[in-house]
Structure formats: structure tokens, C-alpha cells
1. Accessible area per residue, 1.4 Å probe, Å², for the stretch 209-352: what's the number?
2. Skip the ligands, DNA and RNA, and give the accessible area per residue of the stretch 128-198 with a 1.4 Å probe, whole Å².
3. From the residues 141, 179, 155, which one has its Cα farthest along the dipole of the stretch 128-198 in the positive direction, the dipole being from +1 and -1 charges on Cβ of Lys/Arg and Asp/Glu about the Cα centre?
4. So for 260, 401, what's the accessible-area order with a 1.4 Å probe, most first?
5. Counting only other residues whose beta carbon sits under 10 Å from that of residue 166, what net charge do I get with K and R as +1, D and E as -1?
6. At 0.36 nm per residue, minus the direct Cα-Cα distance, what do residue 383 and residue 424 gain on full extension? Give it in nm, one decimal, please.
7. For the stretch 316-337, list residues with backbone N below 18 Å from a point placed 7 Å from the Cα of residue 250 toward its Cβ?
8. If we count every other residue with Cβ under 12 angstrom of residue 236's Cβ, Lys/Arg +1 and Asp/Glu -1, where does the sum land?
Amino acid sequence: MVNGVEDYPKKHVHQQQLHTKYKLKMFVLVILTNLLTMYIFTSPSFNWKPFPLGSKNHISLPLGDPTTLLDELSATKEQLAISHSLIAEFHKKLNSTNLFVEALLTELRSRQEGLTEKEKGSDPMKLLNAAMSDEVMLVVGPHKLPLGYSPRMGSDEVYPPVGGACLRYQEELAQYMTYEVGRECPVDDVFAQRLMLKGCEPLPRRRCHPKSPANYVEPTPFPKSLWTTPPDTSIIWDPYTCKSYKCLIERRKAPGYFDCKDCFDLEGREKSRWLLDNGGLDYGIDEVLKTRPQGTIRIGFDIGGGSGTFAARMKERNVTIITSSMNLDGPFNSFIASRGLISIHVSVSQRLPFFDNTLDIVHSMHVLSNWIPDAMLEFTLYDIYRVLRPGGLFWLDRFFCLGSQLNQTYVPMLDRVGFRNLRWNAGMKLDRGIDKNEWYFSALLEKPMT
């Protein structure tokens, strides 16, 4: 690599630091100048009004009048005492301003060096090198536009979109960005997904190639692919406990908890999901579609859609659904894609990647529930409202909460967002006992037409 290109990121950061310090100095100078001016001209003792010689307001004092001279001297001493008091007060404020500026500079240096209170005892050079490595700076730093200033962007540089929390986990970010450029990427799916779930989303782009499955074969043709388990050679199994789809299917019988435990068994419960409407918590797809004029539900989004069965059922009805899913000890995204469906690997915290007023339906089962902090959940609900078109449907499927939260927290929250209620069902979850006061509720909500 040419030395000038290699050193560009570090030089650019150094220039930014100098520019920041220069702006701070100018800022402090303006503050001090204004403070001095305010103290001088707003002081209650400041009443100097000069009169020109010869004017009617000018008084000529007799030179030999000692009483008048003493009075003038006393008045001057009083003015000096007041001035000394003002200067002392000004010095106090100046000291406070200096302390504030020092604290601000210290905080800026700390942030620029990537140090937290916990990390300050660590080797500072190691942390600094990790934070400022060439690959990290290339992926998070600004890039000058080749054609200069763009009126459309309002800038002459662009920052790659990287989750803000990435910079809070600099050691993990440095580890993720450590690889050989142009070679095979590390198989670090679990590590990368954990970084995403911490809020480092979207992850930075990398200049390496993902490992390809050995003995890969062409996928099953559509529509047979909707209900066919793909071959084991279709994915990389390194990140997962199971090393075959047979293992994933049989996991439904294993003790303990697994996320979406029976989702990979396409001949089991997945085969009957959303086909029947029991009049309670379980809504049928056909009954939901009947609430809109025929053919007007065309495109939508399933939040946390497991192995993609909701999208498969909708596809059979000529409705295209994009499914978001996380690979929680299972190849959920790969499995969805193998069925001939569209998956996106984003968490529930991510802003929905759709434009305003565009989707006909948004569905979520189990994922949206009381494990999400209230403020984050409300942002998510407003985001769902944003992407739905007027008259679009939000199908909230088996939302889990405590009985005390149902009416105190979640009903008012949904009301605040502004959905219109088309259908609402609640039922107690009894498998752990009635004393737990655990509930599910399902709702079919509409974004108002006006």
C-alpha cells in the first residue's frame, strides 16, 4: 500500500483533533470577551457620562476648593472599590470557565482515545491502536466525495452507516475488523451477532469473502421449496451446536430451552400454523385477509419470523412477505432463503428498512413482548405505524406480558401510537401456574385511512 494512503486515516484523525481544539479555543475566547463586556457595561455602578468642555452640563470647579476635591477623591475611591469587587467576581467566573474547558478537553481526549473509566487501567497504546487501526478508520471514518461538494447531500464527504454502539465496544469492533483483505472472512457469526444484539447494528462492511459451503448443490425449485428441508451441504455449520438439519428437527424432543424449538420440522406444527382461526388468540390468515378488499394485501413484513412459515403461507396466497430473523443457535436466515423466501438479518432494535406508507401488513409473533424496554418498544410500534400504508394491518400475534402490565402499560401504549382496533383477544398463560399471572394477547390493528 502507498504510504500516503496508508497514513491517511491517522493523519485525518490528527487534523480533526487539531481542528476541534482550535474551535474550542475560539469558543472560549468569544465567551470571555462577552463576559467582560457584560460586566463592564451592565454594572450598576457604571454611570460614566462624559460632557464636552464648554457644554452647559460641564461644571468648572474652583481650583482652591478643598472640600470639593475631597468629595471627588472619596467618590473615586468608592468607584475603585466597586471595580476591585467586580474584578474579583470576574476572576472567579473566569476560573470556573477554565475548569469547564479543561473538563471538556479531557472528555474529548478520552473519547478520541477510546478510553472508558474501566479501560484507563489498561495499556493505552493497545487500546489506541485497536481504535485507530487502518481498517476500522476506513470503515467508520469520513470519505471525501470524488466530485466534491454535493448539493443533494449538503456535504463534500460521506460517513458509512455503522451502528453508534459499535464505537462503545472498540475491542470487539477491532476484533471483528481483523482479517486479511481479499481473503476468506473468519467464521465468527456468533461473535458478530452478539455485537449486533448489543446495538452495533448495522455492522461495518468487511473486505473479505464469507466461507462457502463444500459440495454446494442447486436449491429445490419453487414452489416445492416452500415445504422441503434443504440439503446439509447448503450452509456452513461451524457456528451452531447442531451440524445437520436432522439434528435441528429432532431438537424439538430434547429437554431444555431452544429458540423456536420446533421451527425446522416442516412436517410438524409448522405445517398447520395460521390455517385455522379458533376465535381466540390464534387468528387464521384467510380470516385476516378478508378484513381488506381482495388483492389489496400484497406486500408485508414479518418481525422475528423464525424459519419463515408465515411468509410461506402468505406466498401461497400471492402475498410477498420479507422475514427478519436472528440465527440463535440455528441457521434461520439460510433456512428461510432455501425455501425461496426473502430473509433479512436484523434485530428488533433496528429501524425498519422500508419507506413511509408502503407496506400492506406487518406481523409479529412472540418476538414483540415484555422483554423489550418500554421506550424501545414504543419506538418500534411507531416505526411499524410509519411503514404501514393508510389502511394497512398490524397483526400482533401472542404478545406475552404480566396481567399487571396489560392494561397499565401496553393498552395505553398502543392507543398512543394511534392504531384502530379491529380485533382483540387476551388469554391467561397457564403452563407455569395461575399464580404467575402471565398473559398473552393477540390483536389485529389498522392504521387509519386519515
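The values are calculated or read from the model by the stated rules, or taken from the named source; none is laboratory data. These numbers were taken from a predicted model, which means no experiment stands behind them. Note that each Cβ is placed from the backbone with ideal geometry, even for glycine, and that neighbours are counted across all protein chains shown. Note: accessible area is taken over every heavy atom of the protein model, side chains too, but ligands, DNA and RNA are not part of it. Shrake-Rupley method; radii C 1.70, N 1.55, O 1.52, S 1.80 Å.
1. Accessible surface, normalised per residue, equals 50 Å².
2. Result: 61 Å² per residue.
3. Highest projection toward the positive end goes to 155.
4. Descending accessible area places them as 260, 401.
5. Within the 10 Å Cβ shell, the charges total 0.
6. 12.7 nm
7. 330-331
8. -3
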